[in-house]
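Let me begin by presenting the structure, written as structure tokens, before commenting on it.
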Amino acid sequence: LLPTIPTMIGTIWSSLTALTVGNINILCFYLCHLIKPFSSLPKELYDDVALAKRMGGKEEFALTVDKSFVDGYNRGIDDMKDYVKKLWGPSAQVDYRVKQLLFWLVRLATVAAAFQEQDQEDKNLRRVLLVSLLQFVVLPYSLSVALGYGLETVFAIYTGHAIIQTILTALTTAFIPEKYNLAITISPTFLISFLAIDQLLCVYTLFRSPIGPVEKMPMKRIWQSVWYGFLNCKTYYLILLPIIYGTKIAIIPWILDYCIGLSSVITNRTTGFWSPLFYHAHRIGHIPIVYPDAHRFHHHLHDATSFDAHIFGSGAPEEWLILLTDIFLAHFLKVCPASLGPSVLAVSWYNKWGFHSRKANPSDDGDNFHVNHHSTHVKNIAITYPYDLLMGTAMKPRVHWAGYEIFREESKDGKSYKVCFVPLDSGDTGDGQLLKRSKRQSISLSGVDFSTHSPELEQ
């Protein structure tokens, strides 16, 4: 039935309210809690390098956190849920399928704008930007989510690339003669080749990952991931690459960065602090009413395959700021977009097999950590287990991860929580195999392997 006029008016008014008051409050909550973990938590809970060093001793230890930090944050999330629900009101509930339809119409219009002939490059860019802004009309809460998710993702995985590629490109341009400064021109051929290679890697991870076999999925479910995953993850490149057709990407800076790993040095450090940042943005993305406007697009299908993975796990409406960052790097700085840089491609590849492929023979609770999030949706929200255990959102209260049994317990006086790390007895598996197998997915996106600091593994 067609909606009544009062319902339509209520929907329009609620959308306008959500676009302004709702987004402002969500962003205020996001900014208010953004840096609190870095002043309130033990370093091991916000710095992967510090945690790996501590775990390397293979000795029992506990990390104590004031209970007010955890309970205060969880109350804040609950209060935000109630606030958004009251703000939206019962008269303006829009079916998720309608949201999907409206967004994909906007997305396809943005793709069409990107493919238009570039007689005036800046004019075409403005057209794409204006069309993309329609997203926030049909999905109001995707604005705050896109800004929050974009800020933490750009900081964590784009910073190293942006700094190093800008410097290397400037140096090679200044000191290498133009005829020797080889470059790849972004063109339709490049676009097709890139997408074809990406899809082939996804097909490979349907059968095997770098750490072993992958659990088989029904062909019907795979096909769903193929077509919806392309829509959700790859239309990003159908906007980014056509809009920068003709841009020349210098090859020498890319190869130097790949061989020496300069951007990876910075990326490994910034992503080392990613866990609390990602958890915060991810938790906000799962707030009811906010959820169907952005992050639910990533959870549209139950469970996950590598086809459902983009640069990192996100729905297409969440990538607006990240896309603009890539366009800025290529269009204005004339450097390789970060999503095509060696350090970011490494994260993207790990995201395919490490986070969105279900391992057939998991050795510990970490092997299917994130893919289990796609089964439960409200558990395993962080990047690795310790932060989820601290915040009470882990799938299991006690886990085996990276050679440790890890769990949270409350202090006797009720004023603090302790995240306890108890080394597992390697003798139970013979020849220290448990310690070796714990390497399988104890590697965080920062590239830190929480097992390599172990003396047993170094021998």
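The values are calculated or read from the model by the stated rules, or taken from the named source; none is laboratory data. Note that the structure is predicted; figures quoted are calculated from it, not measured. Every residue, glycine as well, gets a Cβ built from its backbone with ideal geometry; the counts of neighbours run over all protein chains shown. Keep in mind that these areas ignore ligands, DNA and RNA; they rest on the heavy atoms of the full protein, side chains included. Shrake-Rupley method; radii C 1.70, N 1.55, O 1.52, S 1.80 Å.
Scanning region 215-254 for residues that are touching a strand residue (DSSP E or B) at 6+ places or on another chain (Cβ under 9 Å), not in a loop (DSSP other than H, G, I, E, B) and not aliphatic (A, V, I, L, M) yields LYS248, TRP254.
Name the helices (runs of 4 or more DSSP H) wholly inside region 29-146 in which the number of residues that are of a type in the set (A, V, I, L, M) and over 23 Å from the mean Cα position of the chain (by Cα) is 1 or more.
Values: elements: 36-40, 48-55, 67-88, 96-115, 121-132, 135-138.
So the answer is 48-55, 67-88, 96-115, 121-132, 135-138.
The C-beta contact set for region 79-90 (first residue open to solvent by 80 Å² or more (accessible area, probe 1.4 Å), second residue at pLDDT 85 or above and not in a helix (DSSP H, G or I), distance under 8 angstrom, 6+ apart or interchain) comprises LYS85/PRO288; LYS85/ILE289. The set of residues from region 158-175 being over 16 Å from VAL344 (Cβ atoms) and open to solvent by 50 Å² or more (accessible area, probe 1.4 Å) comprises ILE167, ALA170, LEU171, THR173, ALA174, PHE175.
Look through SER375, SER306, SER339 and report the one residue that is among the polar types (S, T, N, Q), surrounded by fewer than 23 Cβ atoms within 10 Å (Cβ to Cβ) and either farther than 25 Å from LEU34 by Cβ or under 15 Å from the mean Cα position of the chain (by Cα) (or both). Before the answer, list the steps.
On the way: SER306 fails: surrounded by fewer than 23 Cβ atoms within 10 Å (Cβ to Cβ); SER339 fails: surrounded by fewer than 23 Cβ atoms within 10 Å (Cβ to Cβ).
After ruling out the rest, the residue left standing is SER375.
Is there any pair linking a residue in region 315-335 that is under 22 Å from ASN232 (Cβ atoms) to one that is charged (D, E, K, R), with Cβ under 8 Å and at least six apart or on different chains, and which? From residues that are under 22 Å from ASN232 (Cβ atoms), the pairs are GLY315/ARG296; ALA316/ARG107; PRO317/ASP293. Listed by first and then second residue, the pairs linking a residue in region 17-46 that is farther than 20 Å from ASP66 by Cα to a residue that is open to solvent by 30 Å² or more (accessible area, probe 1.4 Å) and β-branched (Val, Ile, Thr), with Cβ atoms under 9 Å apart and 6 or more places separating them unless they lie on different chains, are ALA18/ILE289; LEU19/VAL137; GLY22/ILE289. The set of residues from region 230-250 being open to solvent by 10 Å² or more (accessible area, probe 1.4 Å), aliphatic (A, V, I, L, M) and more than 21 Å from the chain's Cα centre (by Cα) comprises ILE249, ALA250.
Considering (1) over 19 Å from GLY10 (Cα atoms); (2) open to solvent by less than 10 Å² (accessible area, probe 1.4 Å); (3) of a type in the set (Ser, Thr, Tyr), the lone condition that SER132 does not fulfil carries the number (2). Considering region 214-259 alone, what residues qualify as being without any contact (Cβ under 8 Å) to a residue 24 or more places away in the chain and of a type in the set (A, V, I, L, M)? The answer is MET219, ILE255. When the criteria are applied in full, SER91 fails the requirement of being over 28 Å from ILE266 (Cα atoms) and modelled with pLDDT of 95 or more. With the requirement that a residue be among the β-branched types (Val, Ile, Thr), open to solvent by less than 70 Å² (accessible area, probe 1.4 Å) and either under 26 Å from LEU151 (Cα atoms) or out of contact with any Lys or Arg (no Cβ under 8 Å at 6 or more places or on another chain) (or both), what does region 23-71 give you? Residues satisfying the conditions are ILE26, VAL49, VAL70. Of all residues in region 55-67, those that are among the aromatic types (Phe, Trp, Tyr) have Cβ atoms under 7 Å from Cβ atoms of residues that are open to solvent by 50 Å² or more (accessible area, probe 1.4 Å), 6 or more apart or on another chain, in PHE61/ARG54. Applying the condition of being modelled with pLDDT of 90 or more and touching a Leu at 6+ places or on another chain (Cβ under 7 Å) to region 1-33 and asking which residue is farthest from VAL98 (Cα to Cα) yields LEU27.
Apart from one condition, PRO292 fits all of (1) open to solvent by 10 Å² or more (accessible area, probe 1.4 Å); (2) farther than 24 Å from VAL98 by Cβ; (3) of a type outside the set (Asp, Glu); (4) in contact with a Lys or Arg (Cβ under 6 Å, 6 or more places away or on another chain); the exception is (2).
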